[in-house]
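J.: This is the structure I want to talk about, given as structure tokens.
The values are calculated or read from the model by the stated rules, or taken from the named source; none is laboratory data. If you're wondering where the values come from, they're calculated on a predicted model, not measured in any experiment. Glycine also receives a Cβ, built like all others from the backbone with ideal geometry; neighbour counts cover every protein chain displayed.
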Amino acid sequence: MLTRILEPEVMDTSEEARDYDAMDHAEVNRAFVTDLIAALPAVLANVSANAQAGGGPPDAGSLTVLDLGAGTAQIPIELCRRLAAVEVIAIDAAAAMLAVAAKNVADTALGERIRLELADAKQLPYADRSFAAVISNSIVHHIPEPRSVLAEAVRTTAPGGLLFFRDLLRPDNRQSLDRLVETYAAGANEHQRRMFAESLHAALSLSEIQSLVAELGFARNTVAQTTDRHWTWTARRA
């Protein structure tokens, strides 16, 4: 197994934000949103029941989702396009990413349903049990000690709510890493290819992320490898 090599926690230069946004994430984003939507019906019912019993967030009829490390808001836009009853608070610690996100959101008719906020996912400025769902695509590999982000996600999820995280999976060896870069970033520029390779090297192994969720009281099998380069954590908060 390759040793984890950290990359910068915050991608906060204009070049990084532009190159990240320009990369072709469409298929990955669609798959993320498809799988997220598939997991939501049972969660909506659960959160609604808890709200009626006085243990959940306000009215769950309009689903409020917190997206950690939303980057340039591609996933919040895709989610709101496909699910009318959702509103998203999309946070990122990088002002440059949010600047691009603001332009992306402005190009849609979704501005009233997507709120962009500069915030640190390790110390969220939200009350306990605030959200029916807390989601993230590819924040974990940026964080030196990811447990803090996972714990904050659990804290801010309402009882019965959904935790849905997906991230890169660190390859076993350099040959596998290079093969993934050649497969999925063949048409990218050199900076984009380097960013992808560094992200793979900074990612967790399946065993590492399973151990982290177990420390937080969730079953290890709530995390599974879901593609040749991704793991997904799908869990409901007790």
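J.: Are any residues in the range 66-91 of a type outside the set (Gly, Ala, Ser) and touching a residue at least 60 places away in the same chain (Cβ under 8 Å), and if so, which ones?
T.: LEU66, ASP67, LEU68, ILE75
J.: Output the number of residues of the range 105-120 satisfying the condition of being assigned to a loop (DSSP other than H, G, I, E, B) and either closer than 15 Å to GLN74 by Cα or in contact with a His (Cβ under 9 Å, 6 or more places away or on another chain) (or both).
T.: Total meeting the criteria: 6.
J.: So, in the range 1-28, exactly how many residues are in a loop (DSSP other than H, G, I, E, B) and exposed (fewer than 13 other Cβ atoms within 10 Å of the Cβ)?
T.: Qualifying residue count, the range 1-28: 6.
J.: May I ask you to say which residue of LEU124, LEU116 is within 17 Å of VAL10 (Cα to Cα) and in contact with an Asp or Glu (Cβ under 7 Å, 6 or more places away or on another chain)?
T.: Numbers: LEU116 fails: in contact with an Asp or Glu (Cβ under 7 Å, 6 or more places away or on another chain).
After applying the criteria, what remains is LEU124.
J.: Criterion first (closer than 17 Å to ARG4 by Cβ and of a type in the set (Gly, Ala, Ser)) does ALA151 satisfy it? If you could, list the steps in order and put the result at the bottom.
T.: Details: closer than 17 Å to ARG4 by Cβ: no; of a type in the set (Gly, Ala, Ser): yes.
In short, no.
J.: Is it the case that LEU110 is without any contact (Cβ under 8 Å) to a residue 60 or more places away in the chain and not polar (S, T, N, Q)?
T.: So LEU110 passes the test.
J.: Residues being polar (S, T, N, Q) and touching a Pro at 6+ places or on another chain (Cβ under 9 Å): count how many of those fall in the range 129-149.
T.: As a first pass, look at the range 129-149 and keep what is polar (S, T, N, Q): 130, 136-138, 148.
This time we only want the ones that are touching a Pro at 6+ places or on another chain (Cβ under 9 Å), so: 130.
Qualifying residue count for the region: 1.
Per-residue answers, yes or no, for (1) without any contact (Cβ under 8 Å) to a residue 60 or more places away in the chain; (2) touching a Leu at 6+ places or on another chain (Cβ under 7 Å); (3) farther than 18 Å from VAL140 by Cβ; (4) of a type in the set (Phe, Trp, Tyr):
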position	(1), (2), (3), (4)
ASP178	yes, no, yes, no
GLU182	yes, no, yes, no
ALA185	no, no, yes, no
ASN189	no, no, yes, no
MET195	no, no, no, no
LEU204	no, no, no, no
LEU216	no, yes, no, no
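J.: Is at least one residue of the range 69-92 touching a Leu at 6+ places or on another chain (Cβ under 6 Å), of a type in the set (Asp, Glu) and within 25 Å of GLN210 (Cβ to Cβ)?
T.: No: zero hits.
J.: Could you grab me the full set of residues in the range 160-179 that are farther than 24 Å from ARG147 by Cβ and in contact with a helix residue (DSSP H, G or I) (Cβ under 6 Å, 6 or more places away or on another chain)?
T.: LEU177
J.: Quick check on this structure: which one of ALA31, ALA45, ALA90 is at pLDDT 95 or above, assigned to a helix (DSSP H, G or I) and not polar (S, T, N, Q)? Even if it seems obvious, please write down each step before you answer.
T.: Working: ALA45 fails: at pLDDT 95 or above; ALA90 fails: assigned to a helix (DSSP H, G or I).
Every option except ALA31 fails the conditions.
J.: Does ALA153 meet the test of being under 14 Å from the mean Cα position of the chain (by Cα), within 26 Å of ALA38 (Cβ to Cβ) and part of a helix (DSSP H, G or I)?
T.: Spelling it out, ALA153 is indeed under 14 Å from the mean Cα position of the chain (by Cα), within 26 Å of ALA38 (Cβ to Cβ) and part of a helix (DSSP H, G or I).
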